[in-house]
Amino acid sequence: MTAEKSGTTGRRSGAETRADGTGAKNPPDDAAGAGPGSGSPDERASGADSSGEDDTAGTVTSAGKAKRTRKARRTGAAKAAGAASTADKTSTADKTSTADKADAGTDKAEAGTEAGTEAEARDRADAAKKDGDAAEKSDAAKQDGTGDDEPADPWSAFGPAPEPVLGRPRRAVRAVGRFLVHEWTLAVVAALALAAAMTWPTLRYPRHTLPQDYWDPSLQAWQMAWSGHILRTNPAQLWHSNTFYPENWSFAFSDTLLGYAPAGLIGVGPEHAVLRYNIMFVLAHALAAFGAYALARQLGAGRIGGAVAGASFAYAPWLLAQAGHLHIISNGGIPLALAMLARGHGWSLRYGYRPRRRHAGWAFAGWLMAAWQLSLGFGIGLPFAYMLAGVVLVSVVLWFVRRRKVKRPFGRRLFLADVLGGLVFAAVGAALAVPYFKVAELHPNAERTIGDIGLYSPPASGFFTAPAESRVWGGLHEGARAVLPWHPEMTLLPGFVLYALAAGGLFFSVWRVRHRIFLLAGVLVTMALAMGTRFFGGRFTYVPLFDYLPGWSGLRTPGRMMLWTTLLLGLLAAGAVTAFCMRVRELAAERVPPWPGPWLRLATLLPLALVLVEGLNATPQPVVPRQPAALRTVDGPMLVLPSSQNLDQPVMLWSTDRFQPMVNGGSGFTPRSQARIREATVSFPDYASVDYLRQIGVKNVVVLRDELEGTPWEGMLDRPVDALGVAREQVGEAVVFRL
């Protein structure tokens, strides 16, 4: 019985059990590993257990238990002292002195003496002293700066090297490199390169040619030049331009492109005006592509899907017919403002509302971008303004309905950004509207009628007819264009590829089903509006807007609502292409190795390539008529003959050297005063016409000899002026009559 008890106790204390049941003591550990704090935890526990065995017999007595209890207490104290010593040695703020290390070594020796034999205690004391001497040498070396800092964990030597500390120049270079390869930087560069290629040959001779024709582009080139000139000289006279003398508010006779005024500050004269127009023409295409790309990406489309949306919005075939209308081409601010507003409110079509992604700065920037877009003209800016007003109204109603669930869905900063941004947008719109209301008051004939709207309303076949400027479909659709009453504004094909991709997006897309339905509804509604009075007489679509919305009666071409149809079709197509690219990546991941082959890569780019092919242009680039020398020397007020809507637009461009007042001018309507002057001067030079011109203040009449043929003024240079008190002078190819 005694042997069994002894054997059991021996097993608990770590001793080996003999065959007879008595316990034999384990061999002592090395002195170096027996000290507190050295060796592994299992080894220290094993050493403590073996040192508590009874050497004389296998039985456990009360004295042995008491001795083990005292030893355990002393061992615990020694461990605590060792741990404190180790912590002190590793601390960089308070280092251990040599005397402290010696005391720690002595404590280790005492603990070893009480735990085992004298020889074992001496060995442990020697090891502790060696540890203390090594630590002392290490501290001295560190203080001298000649020692190496050993890592606390020896395995850390096999870890990765620490990041080098970069200086300010290298940090700047790295930041620039990250900026250059960022997605949005690459998107901007790609949009610019694509715009230069897709609008070619606009930039081949940018000082001498204009896209499509030199009539409306000449007018718009003059508009940018005038806004820059008057802001530099006399901003208070902005709306009273040098054309349409003696009328006031003449700058508001058509869309002003006022947002391009900073570009008008650079350069003087017709050549610089033409160069400026061509550059802004290309940049407008780039902004349209980038803006639609940004909107699609913000809503949740992939990169290739966003590229399809951007390309289809900027290079839709129907826009080729608008190449001479820069205020229609300049539409990129619309999708870009929507993208900024959606980003600022943390909302996307694919992921919904994410409050953590809200950013008041982006929301305010979106309102500023919307205000800038409005400053380019009300032709497309007015529907955009009403759309934003509708979005705000719907948002307020939804908040009122759900206010109990979401009390503060925007946050204070975002709410203030929306309020301030909305006020800026409204203030810009109101300031721009004042001159147009003044023009409508002074010139009642400038207001459109529902009959005028009917003349420009396209039939349903217009949505499948391309303009003559389309390189792919222009020749094939010549017969379809011939039956359209006014084909420049009725060829509204957004692209057959875009139709197909959008139709696929109704069934296979990353957008939710309800969002696809909303996008489809938007496409149908905007198409109905684009048809004007051709859709059931417009009684439920265009006519109510014409009758009740302020300013809507000034929009004479309903077909330009196709801009919104194209944007919505592009978003549907982006959803389909994004889903297609995701499926391609899934198939590629199943391959070994998981890399998509060349055919899979080409398959993802095929929709983008097809959209771009449909957008190739055959736009003519006529040479702008050369400025007559007389326009550089003759003072105003002046009249240039012959005069008509188209003939006066290049004359406006020629006046960008000096901006002298002139009767000539072209716009969307003809002022009555200008019509009377043209009628009175058909018989010029005679007494009645000369007297009339003198009464209204005209001092000089410039007659362009080469333009007289086939006009009402043909043969006027053969009439005598001797009895009229008029001086006649030949200046280059023009004849100047000084009144």
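The values are calculated or read from the model by the stated rules, or taken from the named source; none is laboratory data. Fair warning: this is a prediction, and the values are worked out from it, not measured in the lab. Neighbour counts run over all protein chains shown; Cβ positions are idealised from the backbone, glycine included. In case anyone asks, the SASA skips ligands and DNA or RNA and just uses the protein heavy atoms, side chains included. Shrake-Rupley method; radii C 1.70, N 1.55, O 1.52, S 1.80 Å.
Got a sec? Which of Val523, Val543 is in a helix (DSSP H, G or I) and either open to solvent by 40 Å² or more (accessible area, probe 1.4 Å) or more than 25 Å from Pro335 (Cβ to Cβ) (or both)? It would help to see each step written out before you state the result.
Working: Val523 fails: either open to solvent by 40 Å² or more (accessible area, probe 1.4 Å) or more than 25 Å from Pro335 (Cβ to Cβ) (or both).
That would be Val543, the only listed residue that is in a helix (DSSP H, G or I) and either open to solvent by 40 Å² or more (accessible area, probe 1.4 Å) or more than 25 Å from Pro335 (Cβ to Cβ) (or both).
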Worksheet item: Is it the case that segment 598-617 has a residue that's at pLDDT 95 or above, surrounded by fewer than 23 Cβ atoms within 10 Å (Cβ to Cβ) and either farther than 30 Å from Arg350 by Cα or in contact with an Asp or Glu (Cβ under 7 Å, 6 or more places away or on another chain) (or both)?
Response: yes
Worksheet item: Going by the structure shown, is Ala468 open to solvent by 20 Å² or more (accessible area, probe 1.4 Å), among the small types (Gly, Ala, Ser) and part of a loop (DSSP other than H, G, I, E, B)?
Response: yes
Worksheet item: Got at least one residue in segment 620-634 being assigned to a strand (DSSP E or B) and open to solvent by 20 Å² or more (accessible area, probe 1.4 Å)?
Response: yes
Response to the item:
Conditions (1) of a type outside the set (Phe, Trp, Tyr); (2) part of a loop (DSSP other than H, G, I, E, B); (3) modelled with pLDDT under 95; (4) under 30 Å from Gly668 (Cβ atoms) -> Val592 fails only (4)
Discussion item. As an exercise: evaluate Gly665 against (1) under 26 Å from Pro444 (Cα atoms); (2) out of contact with any Ser or Thr (no Cβ under 8 Å at 6 or more places or on another chain); (3) in a loop (DSSP other than H, G, I, E, B) and give the number of the one condition it does not meet.
Written reply: (2)
Discussion item. Cβ contacts < 8 Å: first residue within 10 Å of Leu492 (Cβ to Cβ), restricted to segment 554-566; second residue among the charged types (D, E, K, R), any location; separation 6+ or different chain. Result?
Written reply: Gly559/Glu489; Arg560/Glu489
Worksheet entry | Residue that is nearest to the chain's Cα centre (by Cα) [pool: residues in segment 199-218 that are assigned to a helix (DSSP H, G or I) and within 14 Å of Met280 (Cα to Cα)] | Pro217
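Given the structure, is Phe507 closer than 29 Å to Gly352 by Cβ, modelled with pLDDT of 95 or more and open to solvent by 70 Å² or more (accessible area, probe 1.4 Å)? Steps first, please.
On the way: closer than 29 Å to Gly352 by Cβ: yes; modelled with pLDDT of 95 or more: yes; open to solvent by 70 Å² or more (accessible area, probe 1.4 Å): yes.
Yes: the conditions hold for Phe507.
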Discussion item. What's the number of the only condition in (1) at pLDDT below 90; (2) more than 29 Å from the chain's Cα centre (by Cα); (3) surrounded by fewer than 19 Cβ atoms within 10 Å (Cβ to Cβ) that Tyr548 fails to meet?
Written reply: (1)
Discussion item. Suppose we filter segment 700-721 for residues that are assigned to a loop (DSSP other than H, G, I, E, B), in contact (Cβ under 8 Å) with a residue 12 or more places away in the chain and open to solvent by less than 70 Å² (accessible area, probe 1.4 Å); how many remain?
Written reply: 4
Item to complete: Looking at (1) surrounded by fewer than 19 Cβ atoms within 10 Å (Cβ to Cβ); (2) within 27 Å of Tyr293 (Cα to Cα), find the lone condition where Ala191 falls short.
Response: (1)
Discussion item. I need every pair where a residue in segment 312-338 that is more than 17 Å from Leu608 (Cβ to Cβ) has its Cβ under 9 Å from the Cβ of a residue that is basic (Lys, Arg) and open to solvent by 10 Å² or more (accessible area, probe 1.4 Å), sequence separation at least 6 or different chains.
Written reply: Leu320/Arg471; Gln322/Arg560; His325/Arg560; Ile328/Arg560
Discussion item. Restricting to segment 456-488, give me the number of residues that are free of Cβ contacts under 8 Å to residues at least 12 places away in the same chain and farther than 27 Å from Gly537 by Cβ.
Written reply: 4
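With respect to Gly324, determine if the residue is assigned to a loop (DSSP other than H, G, I, E, B), open to solvent by 10 Å² or more (accessible area, probe 1.4 Å) and either at pLDDT below 95 or closer than 21 Å to Leu616 by Cα (or both). Full working, then the answer.
Working: assigned to a loop (DSSP other than H, G, I, E, B): yes; open to solvent by 10 Å² or more (accessible area, probe 1.4 Å): no; either at pLDDT below 95 or closer than 21 Å to Leu616 by Cα (or both): yes.
No; evaluated as a whole, the condition is false for this residue.
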Fill in: Inter-residue pairs, beta-carbon under 8 Å, first within 12 Å of Leu326 (Cβ to Cβ) and in segment 253-270, second of a type in the set (Val, Ile, Thr), 6+ apart
Ala263/Ile279
Practice prompt. Could you look through segment 453-465, keep only residues that are open to solvent by less than 30 Å² (accessible area, probe 1.4 Å) and not polar (S, T, N, Q), and pick out the one that is nearest to Gly551 (Cα to Cα)?
Written response: Ile453
